[in-house]
Structure formats: C-alpha cells, structure tokens
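> Got a structure here, written out as structure tokens. Questions coming.
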Amino acid sequence: MKKYAVFGNPIEHSMSPLIHAYFAENLGIKLTYDAILGTVGKFELEAKNFLKMGGKGFNVTLPFKQEAYNLAETKSEIAEITGSVNTISLKDGLIHGDNTDGSGFIKDIKNNIGFDIENKKILLLGAGGAAMGILPNILYERPLELKIYNRTREKAEKLCNKFLDIGKLDYVEISDLEKYKFDIIINSTSAGISNEDFYLPKKFFNNDSICYDLSYGAASNSFRSWAKQNKLIFYDGIGMLLEQAADSFLYLGVKKTINN
Ligand code: NDP
C-alpha cells in the first residue's frame with residue numbers, strides 16, 4: 001500500500017489524514033496517510049527517512065514549510081515564488097516541492113464563496129507563512145488595493161518587498177486603517193490559536209464587507225466574534241483547507257495509484 005503523511009509540530013490538530021483518507025476512499029484508492037510529529041531541527045533527516053522507507057510523498061504544515069522548500073530538489077513555479085512548500089512528491093527520482101495554499105485560498109474565495117478579488121480593496125492581517133503562501137495568488141487576481149497590517153512591522157515590510165514585482169502592495173499602520181474602506185478583511189494571523197481578542201479600530205470597512213479567516217475550528221473564534229460585533233459576514237478557513245488538500249492530493253501523485 002502506498003505511504004503518505006503530513007509532517008508538522010504540533011500535529012495532533014491536523015485534519016489532513018482525515019481529508020486525504022476521505023478523498024482516497026471516494027476514489028477507490030488504497031493508501032496509508034499518517035500524521036507525523038516532526039522534530040524541530042531534524043525535519044530534513046526525518047523527511048528523507050520517510051521517503052527512504054517507501055513514502056511516496058507528504059504534506060508539510062507549521063513550522064516546516066520553509067525547510068520543505070530547502071529540502072526540495074525541484075520546485076513548482078508558485079513554490080519558487082512563495083519560498084514555501086506544503087507538498088513534497090517524488091518526480092523522476094527527485095524530491096519535488098509544491099505549494100497549494102494560494103490556489104486553495106483563491107478556489108475557496110472565488111468558487112465556493114463567490115467573491116471576486118479583481119478591483120477590490122483588500123486588507124490582509126498577518127505576515128507569517130500563510131500570508132506568504134497566499135499573497136502572490138491574491139496579486140494575480142488584480143485587486144485595486146492590497147494593504148498588510150502585522151503586529152511586527154518589519155515582517156510585513158519584508159513581504160511587501162518580496163512580492164513587489166507581482167503587483168502593488170503596501171504596509172499599513174493600525175492607526176491609519178480608518179483612512180480606508182476595505183471590501184474584505186483577511187485574517188492570516190495565528191492570534192486565534194491562543195483565543196486572543198482582536199483589537200482593531202472601527203470604520204475601515206463597508207456594511208457589506210466580508211471577513212475571511214484562514215484559521216478554522218476554535219482558532220477562528222476570536223476573529224468570528226469581532227466580525228459578529230461589527231455585523232460583517234464571516235467565513236472560516238475550512239473551505240481553503242479542503243481546496244488546498246484537493247490540489248495537494250493531485251500533486252502528491254496519489255491519483256497515479258489508480259493506474260499502477
Ligand atoms: P505563522 O506563525 O507563520 O505567522 C503567525 C502570524 O500571526 C504572524 O504574522 C504573527 O505576527 C501573527 N500573530 C500571532 N499572534 C498574534 C497576536 N496575538 N496578535 C496579532 N498578531 C499575531 O503562522 P502561519 O502564517 O503559518 O499560520 C497562521 C494561521 O493560518 C494559523 O492559524 C493556521 O492554522 C492558518 N492556516 C490555515 C490554512 C488553511 O488551509 N485554512 C493554511 C495555512 C495556515 P508577528 O509577525 O508579529 O509575530
């Protein structure tokens with residue numbers, strides 16, 4: 001039976017084993033898909049061991065996406081651009097890296113929610129790995145305005161500089177937020193994991209603006225409450241999680257097992 005897995009730390013919260021098992025069952029594919037607690041500082045060794053022991057590919061979650069990028073011998077264009085990898089497969093005997101976070105986010109927001117980013121004013125909260133993974137895809141959709149606010153300003157500035165060649169994006173100070181009316185507020189922070197409240201000013205959105213949280217489950221409660229207090233429509237990151245997993249299922253090469 002072909003062997004797949006997801007590496008992360010922590011990993012017990014990961015829904016990837018459940019989702020990939022569901023996809024496989026529905027396609028009549030037999031596979032194993034485990035959740036592996038990676039050791040910080042030993043990811044490369046453990047990942048290579050998994051492949052050596054017959055693993056056909058694996059997904060990568062926090063905090064190993066950049067190390068997975070370094071591990072990959074060849075990379076997809078979007079993995080190169082984002083500098084982060086969430087899917088490792090074997091291609092022609094080489095370790096290949098892909099990133100499906102951005103495509104998963106866009107598919108959820110466009111196809112499932114029906115929100116078109118083109119010509120819209122976007123505020124992205126957070127400048128971590130998830131922000132890095134989705135920013136190029138947001139820019140490809142040609143928003144009218146894209147601002148990033150992050151607690152640590154330098155990290156947001158770094159991201160703005162990184163993607164300047166793709167499209168226009170700027171850092172915004174929290175004190176300047178009220179100068180804008182954003183159509184969508186995207187939360188890519190992990191503040192909700194510790195159930196911290198959102199302290200944001202008012203009046204930087206319209207009545208019909210929407211809130212999208214990359215987090216899901218209990219981690220989305222803080223931003224959900226903020227959206228509710230401000231009477232804004234709220235979506236959590238479950239749709240993105242499923243869409244990125246579906247793309248990843250293809251890139252892992254699992255489907256090839258139908259013919260093998
Ligand atoms: P990172 O650790 O890379 O980044 C965390 C970000 O959150 C940083 O910008 C950090 O700011 C900010 N932050 C953390 N705590 C607070 C706080 N108390 N107040 C304000 N800002 C805070 O995490 P990721 O980017 O990888 O993940 C972020 C979230 O996105 C997670 O909840 C994750 O589960 C979710 N996610 C969902 C996916 C999906 O498919 N739905 C896919 C990928 C991620 P600073 O720079 O100042 O530290």
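> When you go through (1) farther than 24 Å from N230 by Cα; (2) more than 10 Å from the ligand (Cβ to nearest atom) one by one for L159, which number turns out not to apply?
Of the numbered conditions (1) farther than 24 Å from N230 by Cα; (2) more than 10 Å from the ligand (Cβ to nearest atom), the odd one out for L159 is (2).
> Quick one: is S215 in a helix (DSSP H, G or I), closer than 24 Å to A127 by Cβ, under 22 Å from the mean Cα position of the chain (by Cα) and of a type outside the set (D, E, K, R)?
For S215, the condition - in a helix (DSSP H, G or I), closer than 24 Å to A127 by Cβ, under 22 Å from the mean Cα position of the chain (by Cα) and of a type outside the set (D, E, K, R) - is not met.
> Next question, about the same structure. Residues of the range 112-138 being within 15 Å of the ligand (Cβ to nearest atom) and either among the β-branched types (V, I, T) or assigned by TED's automatic domain parsing to the domain that holds S76 (or both), which ones?
Step one: filter the range 112-138 for residues within 15 Å of the ligand (Cβ to nearest atom), giving 112-113, 123-138.
I113, I134, I138, listed by residue number.
> Looking at N99, N137 in this structure, which one is surrounded by 19 or more Cβ atoms within 10 Å (Cβ to Cβ) and in contact (Cβ under 8 Å) with a residue 40 or more places away in the chain?
Being surrounded by 19 or more Cβ atoms within 10 Å (Cβ to Cβ) and in contact (Cβ under 8 Å) with a residue 40 or more places away in the chain holds for just one of N99, N137, which is N137.
> Oh, and also: Give I238, I185, I193, I174 a once-over and let me know the one that is within 15 Å of the ligand (Cβ to nearest atom), open to solvent by 70 Å² or more (accessible area, probe 1.4 Å) and over 30 Å from G93 (Cα atoms).
Working: I238 fails: open to solvent by 70 Å² or more (accessible area, probe 1.4 Å); I185 fails: open to solvent by 70 Å² or more (accessible area, probe 1.4 Å); I174 fails: open to solvent by 70 Å² or more (accessible area, probe 1.4 Å).
Every option except I193 fails the conditions.
> Restricting the range 140-184 to residues that are assigned to a strand (DSSP E or B) and acidic (D, E), which is farthest from N206 (Cα to Cα)?
Narrowing the range 140-184 to residues assigned to a strand (DSSP E or B): 145-149, 170-171, 182-184.
Next cut, acidic (D, E) only: 145, 170, 183.
Values: E145: 15, D170: 21, D183: 7 Å.
Per the stated criteria, the residue is D170.
> Working only within the range 71-87, note down all residues that are within 16 Å of the ligand (Cβ to nearest atom) and either out of contact with any strand residue (DSSP E or B) (no Cβ under 7 Å at 6 or more places or on another chain) or not in a helix (DSSP H, G or I) (or both).
Pass one, the range 71-87, residues within 16 Å of the ligand (Cβ to nearest atom): 78-79, 82-87.
I78, T82, G83, S84, V85, N86, T87, listed by residue number.
The values are calculated or read from the model by the stated rules, or taken from the named source; none is laboratory data. All values reported here derive from a predicted model rather than from experimental measurement. Cβ sites come from the backbone with ideal geometry, for glycine too, and all protein chains shown count toward neighbours. For accessibility, only protein heavy atoms count, side chains too; no ligands or nucleic acids. Shrake-Rupley method; radii C 1.70, N 1.55, O 1.52, S 1.80 Å.
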